[in-house]
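Below is one structure, written out as structure tokens, with a few remarks after it.
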Amino acid sequence: MLSNLYMRRFVLGWKQLGHEKRWNAYVVNYADDLVICCRGNAEEALVTMRGIMTKLKLTMNEAKTRVCKLPEEKFDFLGYTFGRCYSPQTGRAYLGTVPSRKRVTRICEAISSETGRNKTLLDQETVVGKLNRMMTGWANYFCLGPVSKAYRAIEQHARKRLRQWLCAKHKVSWPATRQFPESAMHDGLGLIRLTARTRSFPWANS
């Protein structure tokens, strides 16, 4: 809430001082994270932003602050990577979003944490239920743009970790693809198939 209060002052100042119209530069923010989208004059916009922040006695994170030129470059914002994407159907390039690599890594680390050897005393319904809730919540947020690659990576990681967990729990030698095949993971134990979600997206049949 405090971040929004401070950022409201910055956004209002940006507009009232005419910077938005002068450079066609629009501020997009969530709490204390922000991106200024403009056509040209990015360096001037950055200098002006620093000046306003200083007057408001706010400190910028210089490590995360930079000028990014699209489509040649990419940037991360609110868990998404913005930049050039390619249509899997036509190969056409367009500006879009994909889940950032950092966020994919983070959910995979969380899946690994929930399927460690210290969890083998839990029953499989509890573990699978926890994984499903985690992955469903993640996918509910990361559902914009081409997400199939990210979903596929997370789904594969979840199967591998669940299979390792089952091996440790039941003292089965690894690898154990015969004892715990892919169909058993999803159809038997009920592990969610993230890749199946994309079929219901509005653009799936367009």
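Yes or no: the range 110-119 includes at least one residue that is surrounded by 15 or more Cβ atoms within 10 Å (Cβ to Cβ) and closer than 23 Å to SER3 by Cα.
Checked against the condition, which is being surrounded by 15 or more Cβ atoms within 10 Å (Cβ to Cβ) and closer than 23 Å to SER3 by Cα, the range 110-119 yields no hits at all.
Which condition does TYR26 not pass, out of (1) within 25 Å of GLY83 (Cβ to Cβ); (2) open to solvent by less than 100 Å² (accessible area, probe 1.4 Å); (3) not basic (Lys, Arg), if it passes all the others?
Only one criterion is unmet by TYR26, namely (2).
Run TYR151 past the list (1) in a helix (DSSP H, G or I); (2) over 16 Å from ARG197 (Cα atoms) and report the number of the one that doesn't hold.
(2)
Do we find a residue being closer than 21 Å to ILE192 by Cβ and hydroxyl-bearing (Ser, Thr, Tyr) anywhere in the range 88-101? Show your work before the answer.
Within the range 88-101, the subset closer than 21 Å to ILE192 by Cβ is 98-99.
Applying the additional criterion that residues be hydroxyl-bearing (Ser, Thr, Tyr) yields none.
The answer is no; no qualifying residue exists.
On the given criteria, is VAL35 surrounded by 12 or more Cβ atoms within 10 Å (Cβ to Cβ) and either closer than 25 Å to GLY96 by Cβ or not basic (Lys, Arg) (or both)? Lay out the reasoning, then the answer.
Working: surrounded by 12 or more Cβ atoms within 10 Å (Cβ to Cβ): yes; either closer than 25 Å to GLY96 by Cβ or not basic (Lys, Arg) (or both): yes.
Spelling it out, VAL35 is indeed surrounded by 12 or more Cβ atoms within 10 Å (Cβ to Cβ) and either closer than 25 Å to GLY96 by Cβ or not basic (Lys, Arg) (or both).
Is there any pair linking a residue in the range 165-180 that is farther than 18 Å from THR126 by Cβ and surrounded by fewer than 17 Cβ atoms within 10 Å (Cβ to Cβ) to one that is modelled with pLDDT of 90 or more and of a type in the set (D, E, K, R), with Cβ under 9 Å and at least six apart or on different chains, and which?
From residues that are farther than 18 Å from THR126 by Cβ and surrounded by fewer than 17 Cβ atoms within 10 Å (Cβ to Cβ), the pairs are TRP174/ARG163; PRO175/ARG163; ALA176/ARG163; THR177/ARG163; GLN179/ARG163.
Hey, could you check the range 128-151 for residues that are farther than 22 Å from TYR94 by Cα and charged (D, E, K, R) and say which is surrounded by the most Cβ atoms within 10 Å (Cβ to Cβ)?
The first filter runs over the range 128-151 and keeps only residues farther than 22 Å from TYR94 by Cα, leaving 128-140.
Then drop every residue that is not charged (D, E, K, R), which leaves 130, 133.
Numbers: LYS130: 16, ARG133: 11.
The residue in question is LYS130.
What strands (runs of 3 or more DSSP E), lying completely within the range 55-108, carry at least 2 residues that are of a type in the set (A, V, I, L, M) and open to solvent by 40 Å² or more (accessible area, probe 1.4 Å)?
Details: elements: 75-77, 80-86, 93-99.
Where strands (runs of 3 or more DSSP E) fall fully within the range 55-108 and carry at least 2 residues being of a type in the set (A, V, I, L, M) and open to solvent by 40 Å² or more (accessible area, probe 1.4 Å), they are 93-99.
Can you tell me which residue among ILE107, ILE111 is closer than 30 Å to ASP76 by Cα, more than 14 Å from the chain's Cα centre (by Cα) and in contact (Cβ under 8 Å) with a residue 40 or more places away in the chain? Break it down into steps so the answer makes sense when it comes.
Working: ILE107 fails: more than 14 Å from the chain's Cα centre (by Cα).
Just a single option satisfies the conditions, and that option is ILE111.
Which members of the range 1-11 meet the condition of being of a type outside the set (S, T, N, Q) and either surrounded by 13 or more Cβ atoms within 10 Å (Cβ to Cβ) or closer than 25 Å to PHE75 by Cα (or both)?
Quick first cut of the range 1-11, residues of a type outside the set (S, T, N, Q) only: 1-2, 5-11.
Passing the criteria: TYR6, MET7, ARG8, ARG9, PHE10, VAL11.
The values are calculated or read from the model by the stated rules, or taken from the named source; none is laboratory data. Keep in mind the model is a prediction, meaning the values are calculated, not measured. When we count neighbours, we look across all protein chains shown, and the Cβ atoms used for this are built from the backbone with ideal geometry, even at glycine. Protein only, heavy atoms only, side chains kept; ligands, DNA and RNA dropped before computing areas. Shrake-Rupley method; radii C 1.70, N 1.55, O 1.52, S 1.80 Å.
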